[in-house]
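Data block below; observations after.
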Ligand code: CMC
C-alpha cells in the first residue's frame, strides 16, 4: 500500500548497513575493512584477507596460524560426497556441479539451519563450545574450507581422474593447484609464480559488497536456512554471464572476434546493440574497476611463465578502442574485474567453463563474511521480503473451460 514506483534492479535501494567493503564507484576506490585493495594485493594473502573480511581486523600471527590450520583441516570432503560427483555427465558445467555440491552438503548437515541465531550463540560457535553450536559452526567453517576441494573434484570428475586429498604443507592456492593437477608423482609442486598469481586473483575476488550473488546469499539466509544452501544459491546467481560468468564470456567474445583487425567492426556491432562487450561496465563503477589494473599487471607475471596468450593483442585493441569511443565514454563504461582475468586463467591452462568456479571459490569468503555480519545484527535477522507494485487484472470471475473462447 502506498508504493508507487518499483526500483527495478535495486538501482537505489540499500537493504543493510555494512562494515565490510567500501566502494567509491566514481573514483574507482575499493577497500576491504578500510584497507585499500592495492595494499592488500601487494602485501597480504588471500587467507589473511579472508580472516580480515570475516572477523574485521588483520589477524595476529597466532590468530592466523589457528585460522589457516582450521581452513586446511576442514578442507577434506566427506567420502560420501564422491558419489554425488560421479552422478554428473562428463560435460556438466562445473558451476552446476559446484552449486549442487554445496546444496548436497546442506543435506548432510540439515541441523545447521539457524533457528535461534543470536550474538551469544555465534560467540559460542566461534569458541567451539557445546555440541549443537559446534554443528552450526560447521556450516560457515566447512563452507569456506570446502570450496577449493569441491571445485577440484568438479574439475577432475570431468576428466575421469581420481580425486586428490588436499596435501599438507602448501599454501591455500598451491594446495588448490595441486588438487587440480596432481598426477600421482611424489615430486609434483605447483609453480610458485602461478600459485601467487592465483592467490592475488582470489584476494581481488573475495568480496565486492552487495553484488547479485551476495544479495542472493543474504536473501536466502534471511529465512535462517543453513549456510550451505545459501552458498549454493549464491553460486547459482554468480554463474550468470552478467556476473561471475563474464570472465568466460569475455574469452568466448575474444575468440569470436578472431583477430585485432576485426575489433573495429565488433565495436560498431556493440554500439548497434547487436553484441555485448563482456568485461566492460559495472553497476557501481563509473570508471575503471581498480581490480582490473592489478589483474592486468598480474597477467604479465603469469605470461612470463606461460607465454603470452594469443588473444591478448585482440583484448588490448578492444580495450583501447572502447576507452576512446564516445559511446563508452558517455555511458562511463570501462573494464571491470572480468576483462583481463579470463586471459590469465586461459594462460594457466584452465578450461573455459571453469573460469566462473575460480570466481566462486574465493567469493564464498565474502558471502560468509556478510552472512556472519547479518546474523550478528543487533535485534536479529529480519526476513528479506520486498514488495511489488501489482499491475495485473482487477478482480474477475472464474469461467468453466467449455465456456471459454
Ligand atoms: N556493452 C555495451 N553496452 C553496455 C554495456 C556493455 N558491456 N554495459 C552497459 N552498457 C550500456 C547499456 O546498454 C546502457 O545503455 P543505454 O543507457 O543507452 O540504454 C548503459 O550502458 C547503462 O547500462 P546498464 O545496463 O543500465 O548498466 P547496469 O548497471 O544495469 O549493468 C552490467 C551492469 C555489469 C550488468 C553491464 O554493464 C553488463 O552487462 N556488462 C557486461 C557483462 C559483465 O562484464 N559483467 C561483469 C560485471 S563485474 C563482475 C561481477 O560483478 O560479476
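The helices (runs of 4 or more DSSP H) found wholly in region 233-348 and carrying at least 2 residues that are near the ligand (Cβ under 9 Å from one of its atoms) and under 30 Å from residue 220 (Cβ atoms) occupy 246-257, 338-347.
Hey, does region 28-38 have a residue that's assigned to a loop (DSSP other than H, G, I, E, B), more than 29 Å from residue 382 (Cα to Cα) and in contact with a helix residue (DSSP H, G or I) (Cβ under 9 Å, 6 or more places away or on another chain)? For region 28-38, residues assigned to a loop (DSSP other than H, G, I, E, B), more than 29 Å from residue 382 (Cα to Cα) and in contact with a helix residue (DSSP H, G or I) (Cβ under 9 Å, 6 or more places away or on another chain): present. Among residues belonging to region 187-214 that are surrounded by fewer than 21 Cβ atoms within 10 Å (Cβ to Cβ), more than 12 Å from the chain's Cα centre (by Cα) and not in a loop (DSSP other than H, G, I, E, B), point out the one that is farthest from the ligand (Cβ to nearest atom). Ranking the qualifying residues of region 187-214, first place goes to 192.
There is at least one residue in region 8-18 that is within 19 Å of residue 217 (Cβ to Cβ), modelled with pLDDT of 95 or more, under 20 Å from the mean Cα position of the chain (by Cα) and not assigned by TED's automatic domain parsing to the domain that holds residue 213. Do we find that residue 365 is farther than 17 Å from residue 248 by Cα and either outside any loop (DSSP other than H, G, I, E, B) or in the same structural domain as residue 154 (by TED's automatic domain parsing) (or both) in this structure? Judged against the criteria, residue 365 is a match.
Against the definition (at pLDDT below 95 and either assigned by TED's automatic domain parsing to the domain that holds residue 203 or more than 28 Å from residue 57 (Cα to Cα) (or both)), how does residue 390 come out, yes or no? Spelling it out, residue 390 is indeed at pLDDT below 95 and either assigned by TED's automatic domain parsing to the domain that holds residue 203 or more than 28 Å from residue 57 (Cα to Cα) (or both).
Within region 204-227, residues that are free of Cβ contacts under 8 Å to residues at least 40 places away in the same chain sit with their Cβ atoms under 6 Å from residues that are surrounded by fewer than 24 Cβ atoms within 10 Å (Cβ to Cβ), at 6+ positions apart or across chains, in these pairs: 212/237; 212/243; 216/233; 216/237; 220/233.
How many of the residues in region 43-65 are in a helix (DSSP H, G or I) and under 21 Å from the mean Cα position of the chain (by Cα)? Matching residues across region 43-65 total 10. Restricting attention to region 215-232, the residues being more than 16 Å from the ligand (Cβ to nearest atom) and either in a helix (DSSP H, G or I) or within 15 Å of residue 344 (Cα to Cα) (or both) number 9.
The values are calculated or read from the model by the stated rules, or taken from the named source; none is laboratory data. The shown structure was predicted, so the numbers you read here are calculated from the model rather than taken from an experiment. Glycine gets a Cβ as well: all are built from the backbone with ideal geometry, and neighbour counts include every protein chain shown.
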